[in-house]
Structures are given as C-alpha cells and as structure tokens.
1. Give the range 113-134 a look and list any residue that's surrounded by fewer than 23 Cβ atoms within 10 Å (Cβ to Cβ) and out of contact with any Gly (no Cβ under 7 Å at 6 or more places or on another chain), or say none.
2. Applying the selection to the range 246-263, what residues are in contact (Cβ under 8 Å) with a residue 40 or more places away in the chain and out of contact with any Lys or Arg (no Cβ under 6 Å at 6 or more places or on another chain)?
3. Is there any pair linking a residue in the range 138-154 that is under 24 Å from Gly201 (Cα atoms) and assigned to a loop (DSSP other than H, G, I, E, B) to one that is open to solvent by less than 30 Å² (accessible area, probe 1.4 Å) and modelled with pLDDT under 95, with Cβ under 9 Å and at least six apart or on different chains, and which?
4. Based on this model, can you work out whether Ala86 counts as within 21 Å of the chain's Cα centre (by Cα) and more than 16 Å from Leu227 (Cα to Cα)?
5. So Arg24 passes all but one of these: (1) buried (at least 23 other Cβ atoms within 10 Å of the Cβ); (2) of a type in the set (Lys, Arg); (3) under 15 Å from the mean Cα position of the chain (by Cα). Which condition number does it fail?
6. Can you tell which of Leu32, Leu16, Leu95 is touching a Gly at 6+ places or on another chain (Cβ under 8 Å) and either of a type in the set (A, V, I, L, M, F, W, C) or surrounded by fewer than 21 Cβ atoms within 10 Å (Cβ to Cβ) (or both)?
7. Restricting attention to the range 218-225, does a residue exist that is of a type in the set (Asp, Glu), open to solvent by 30 Å² or more (accessible area, probe 1.4 Å), more than 26 Å from Arg84 (Cβ to Cβ) and not in a loop (DSSP other than H, G, I, E, B)?
Amino acid sequence: MPDRRLDHAAAHPRLLRIGRVFTRLGSSVRILIAGAHPDDEPSSLIARWSLGDGHRVHYVCVTRGQGGQNSIGSETGAALGVLRAAEMAVAADRLGMTYALLDTGAADDPLADFGFSKSADDTLRRWGAEVVLRRLVREIRSFRPDVVLPCFLDVPGQHGHHRAMTRTLLRAWEAAADPAFAPDLGPAWAISKLYLPAWSGAGESYDDAEPPPPATTLVDLSGQDPLTGMSWEQLGEWSRAAHASQGMGVWPPSDRPRHRPLHLLASRVGETGPERGITDHLPASLAVCDDPALAQLAAAVGLLRNQFPHDDRMRGALAQVRGLLAGIGEKAPPLAARLDALRNDLAALDALL
C-alpha cells in the first residue's frame, strides 16, 4: 500500500508551505464556521478566506457523521464516524483551516449523527440543547473569533441537524459574551459579527421552504490562488474530494457563480446594513492598532513578507520581527489572541527556513 505521507509531501512543497504562512501574516481576522457534519463546510468560501486573504478559519462540527452514507466501503456507525473524522482532517488541511469535532467519539456521547432529521427540536432533544451550547461556547472562547457563520439556515425543509446547529450558534452569540454563563468554559468572549448564508440550501437533499435573507456583502470568488494557479472553487473542490465516503469533489463548472452572498444578522462593531466586506470595522491587521510598538511590529511583518521567496533575506527579517515581538508585554485578550497567532506563524516559518 502506498505511503500517504509521500502524497502529503508532494502536495505541500516547501515553497508553498512558506507562502501559506506569508499569506496568514497579512491578516489578523479570525472566523469560526459552525456545521453539523463533516462536509457541511462551505469549502470554496473558506479557500478564499484562508488561502487567499490569510484569515484564520476554524470549523466547528457537532458530529462525526456516523449516521451518513458510505460511497467507498462497508463501514457504518462508529466505524464510519472514524472514517469521516479522518476525511475531515484531510479536508481541513487542504484549506489551511483548523477544526474541532464536538462529538468526542465516546459510545455514550449524545452528540452523534443519528441519521436524517426534519426537526431541529427533536435533534436538540436527542443531543441535549445545553450540551451543544456549552461545547460550542467553549470553542468560541478558546478560538476567540471576530466573525461567526453557520453553514445553513434554520428554515423548514432543511436538515434538522443543520437547523439545530444554526439555532445553537445564535444562542452562543449571547452566551459566549456573558461572564455569568459557564465561567468554567473560559473567559467571556464577545464576537464582533454574526453572519448568515444569503444563499439557499436547497438542492438534491434539501428543499428550503423559505428564501434566504438579503445579501449585505458579497465575497468575491473570482481570480485564482497565486501560489497554485487554481481557482478558489477548484481548491474548495480539492478539499471536498477528501470527503470520499460522501462521493464529493467535482471539477467546478465554468458557469458557477463567482461570489458568495452573506447576510450580516448582528454586529457589535457597526450597523447591520450593506458592507464592502466582512473586515469592515474589524482590526484586519496589527497595523490598524493605535499602539506605537504594534505599528513598528506590523511594519516589520510587512518587510518580512516582502522578502519572499529569498531564504537569507527572510531569515534576517524574521529575526527582526521575533525581537520586536519579544519586547511587547501582555495585551488585552483581543490583541493577545492575534499576537499568539503571529507567534505560531513565526514558529512555523522558522521551522521551514
């Protein structure tokens, strides 16, 4: 049997991995996307945000998908859950995002995929509404996103699991910011923006009975990834092909829409009307922070990015950035999360150089 590590190495050449780190250095925006199953994630949208814009994307998935189909083998139940969790790991890696499964995989964990459901109420009764809420709040407080987005709308005709996760995310918007709610799950975190999909979830499996909300912003999916030459849709489908048990991954047709519409449902940083993009009113980079030390750090990061792909120049600029970062003291939680992400990226870059 071929060693999959060879495929992974061939698909992630050193220069590409360095380029991915440099892309992340251009943004400090953090996005959490919430779904019910492995394969719910909007892959082309994530490709644009993660691989194109450098935003940190974290996918939170309730179940391991053990109640779904299997197009490639005979595994069902818990064994299928193991397979689909492994597929999720590959799909996430191809998009440069992190992910979390709320279902622990234990035999008695209530957050399991029990098959297709038409009812969010029944789903939340089986899962335990407070169990889902607590685990989602834990992820929000740990990841500290600026933006959250569910994968589907809570509308009749949609899968009950999808509706349940969307409904829980709306509750978590308030709960995660409330210091009195479950302090054992970590310090309270106020998300800046809550979006909904402004596209219909109707298709071969679902029949949304209500139209989507109006778009307040459009995410441009035209163009291509400068590091691979692939379009964002092609990169998204490459990720979806990792969900092989679900028969996913197709060459995107040329007439597919070149944007994804989003509806800004709630915001703590501005009005909920039309926007130029999701980064409106957000600290999209350290450069916008009103702090001389951070401004100097941001300038050094910009200089570092300009040295790609020259190894010697990158090493020198990297040393300067690390020195400036070491001299910055403790910051408030929003900045602390961004600085921690920068430290992780610099460590990854150092290992590649």
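1. Phe116, Asp121, Leu124, Arg125, Arg126, Gly128, Ala129, Glu130, Val131, Leu133, Arg134
2. Gln246, Gly247, Pro252, His259, Arg260, Pro261, Leu262, His263
3. Close Cβ pairs satisfying both conditions: Cys151/Gly201; Phe152/Gln158; Phe152/His159; Phe152/Gly201; Phe152/Asp208; Leu153/Gly201; Leu153/Asp208.
4. When the stated conditions are applied, Ala86 passes them.
5. (1)
6. When all the criteria are applied, what remains is Leu95.
7. Checked against the condition, which is being of a type in the set (Asp, Glu), open to solvent by 30 Å² or more (accessible area, probe 1.4 Å), more than 26 Å from Arg84 (Cβ to Cβ) and not in a loop (DSSP other than H, G, I, E, B), the range 218-225 yields at least one hit.
Residue-by-condition table, conditions (1) over 16 Å from Lys193 (Cβ atoms); (2) among the polar types (S, T, N, Q); (3) surrounded by fewer than 18 Cβ atoms within 10 Å (Cβ to Cβ); (4) in contact with a strand residue (DSSP E or B) (Cβ under 6 Å, 6 or more places away or on another chain):
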site	(1), (2), (3), (4)
Gly270	no, no, yes, no
Gly273	no, no, yes, no
Thr279	no, yes, no, no
Ala284	no, no, no, no
Asp291	yes, no, yes, no
Leu294	yes, no, no, no
Leu304	yes, no, no, no
Lys331	yes, no, yes, no
Pro334	no, no, yes, no
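The values are calculated or read from the model by the stated rules, or taken from the named source; none is laboratory data. Everything numeric in this text was worked out from a predicted model, so none of it was measured. Cβ: placed from backbone, ideal geometry, glycine included. Neighbour counts: every protein chain shown. Surface areas here come from the heavy atoms of the whole protein model, side chains and all, with no ligands, DNA or RNA. Shrake-Rupley method; radii C 1.70, N 1.55, O 1.52, S 1.80 Å.
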